[in-house]
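Structure, as structure tokens:
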Amino acid sequence: MIKLGKVIQKQLIDIQKDKGLYLEGNIIKLVDNEGDPAFTQYLKDAGENDRSSRRKRLEITKQIQAQNKELMTAQEENMQLMDELRVALEAAENAKCAAETDLDLLQKKTQTELIGTIVKVALWIVVGVGVITTLIYGVALATGVDTTLIGNTWSNMFGILLTNSFSIIGTIMGVKYATEKGKS
């Protein structure tokens, strides 16, 4: 046991009255009250105050630990959400790329079909004009009409039709070649 003496005991009691401060911790159990009832009461009050302070600190510590646990849980949830967002973003990017590829294929298919239709129509026009001109020339020959003018027209018509058909086909192939080169 620790003996403090009357002067120190009185100073501790005065500090408690003036400032509300007590001895704290396990040291209280080791101090001898030396039979003084005022100091015995002081040590009893100091012990209760110490236990109360410890309970409050323990409660605060538990609250902080609970808050830390909640924060850790929230952080884990945030990390999971971030991972899910990354996966969703990647899936969206993949879907976008797939849609762009599908659109490009659809455009090429439509373009190819349009070119095919243009070529077919151009060929039918060339063949139709050629057949009609040939029929007129044949009728003129069969009826005995002067065919000089019709023969020259027939010859010019076939030249123009051939030139135009090659021009159309060349233009279409050039556009197709240019669009394929531009994309690669």
For region 47-63, check the following and say yes or no: at least one residue is touching a strand residue (DSSP E or B) at 6+ places or on another chain (Cβ under 7 Å), surrounded by 10 or more Cβ atoms within 10 Å (Cβ to Cβ), modelled with pLDDT under 95 and within 30 Å of I13 (Cβ to Cβ).
no
Can you go through L4, L43 and tell me which one is touching a strand residue (DSSP E or B) at 6+ places or on another chain (Cβ under 7 Å), assigned to a helix (DSSP H, G or I) and either surrounded by 10 or more Cβ atoms within 10 Å (Cβ to Cβ) or of a type outside the set (S, T, N, Q) (or both)?
L43
Among the residues listed as I15, I28, the single one being among the β-branched types (V, I, T), on the phi < 0 side of the Ramachandran plot, loosely packed, with under 15 Cβ neighbours inside 10 Å and in a helix (DSSP H, G or I)
I15
Any residue in region 130-146 that is among the aromatic types (F, W, Y) sitting within a Cβ distance under 7 Å of a residue that is outside any loop (DSSP other than H, G, I, E, B)? List the pairs, counting only those 6 or more apart or interchain.
Y137/I150; Y137/G151; Y137/W154
Matching residues in region 136-184 - criterion: being among the hydroxyl-bearing types (S, T, Y) and either in a helix (DSSP H, G or I) or exposed (fewer than 13 other Cβ atoms within 10 Å of the Cβ) (or both)
Y137, T143, T148, T153, S155, T163, S165, S167, T171, Y177, T179, S184
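The values are calculated or read from the model by the stated rules, or taken from the named source; none is laboratory data. Being a predicted model, the structure only gives us computed values, none of them experimental. When we count neighbours, we look across all protein chains shown, and the Cβ atoms used for this are built from the backbone with ideal geometry, even at glycine.
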